[in-house]
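Encoded as structure tokens, the structure appears first; notes follow it.
The values are calculated or read from the model by the stated rules, or taken from the named source; none is laboratory data. The structure displayed is predicted, hence computed values, not measured ones. When we count neighbours, we look across all protein chains shown, and the Cβ atoms used for this are built from the backbone with ideal geometry, even at glycine. Each accessible area value is taken on the protein alone, full model and side chains, heavy atoms only, with ligands, DNA and RNA left out. Shrake-Rupley method; radii C 1.70, N 1.55, O 1.52, S 1.80 Å.
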Amino acid sequence: KTAAILVAAGSSARMKAAALENDDEPVLSRTLRAFENAACISKIVIVARACDFDAIQKASAFVTKPLTITEGGKERQDSVSNGAALCGDAEYIAVHDAARPFITPEEIETVCADAEKYGA
């Protein structure tokens, strides 16, 4: 069982993750789609600013896997920690920046397989 934490709690100074669109799809939706389509991912946790929750719920409406949205912390490591606290009994946790939409389900599967193989 691998849970994914998608970190989207920054100020979006570099990129407006919930709003920026690529081919008429929000960047967050594209990132989510990769994790939704990766068979090894059993749960997704999105860590974000509370003011972005509505946009994130809209961008993630298609997700069928268990999905939790939680508030980030002061620093990135605090945000990841908040997300990890909600991963339940996951054996592994994959952490990814939500604003990086070009990851593929195949790449996620490879990382999950390597984690299992090497016990990382």
| note | Across (1) modelled with pLDDT of 95 or more; (2) surrounded by 18 or more Cβ atoms within 10 Å (Cβ to Cβ); (3) small (Gly, Ala, Ser), Ala59 clears everything bar (1)
| request: Among the residues of the stretch 21-32, count how many are surrounded by fewer than 18 Cβ atoms within 10 Å (Cβ to Cβ) and either under 12 Å from the mean Cα position of the chain (by Cα) or outside any strand (DSSP E or B) (or both). | output: 2
| field | Filter result for Ala94 (hydrophobic (A, V, I, L, M, F, W, C), modelled with pLDDT of 95 or more, assigned to a loop (DSSP other than H, G, I, E, B) and open to solvent by less than 70 Å² (accessible area, probe 1.4 Å)) | value | no
| request: Within the stretch 65-97, work out how many residues are charged (D, E, K, R) and in contact (Cβ under 8 Å) with a residue 40 or more places away in the chain. | output: 5
| request: Being open to solvent by 60 Å² or more (accessible area, probe 1.4 Å) and within 22 Å of Ser79 (Cα to Cα) is the filter; apply it to the stretch 103-120 and report the residue that is modelled with the highest pLDDT. | output: Val111
| message | Just to be sure I understand the filter: pairs with C-beta atoms under 8 Å, separated by 6 or more residues or on different chains, first member in the stretch 98-111 and under 22 Å from Val80 (Cβ atoms), second member basic (Lys, Arg) and assigned to a loop (DSSP other than H, G, I, E, B). Which pairs pass? | response | Ala99/Arg14
| field | Yes/no for Ala55 being over 16 Å from Thr2 (Cα atoms), assigned to a loop (DSSP other than H, G, I, E, B) and not aromatic (Phe, Trp, Tyr) | value | no
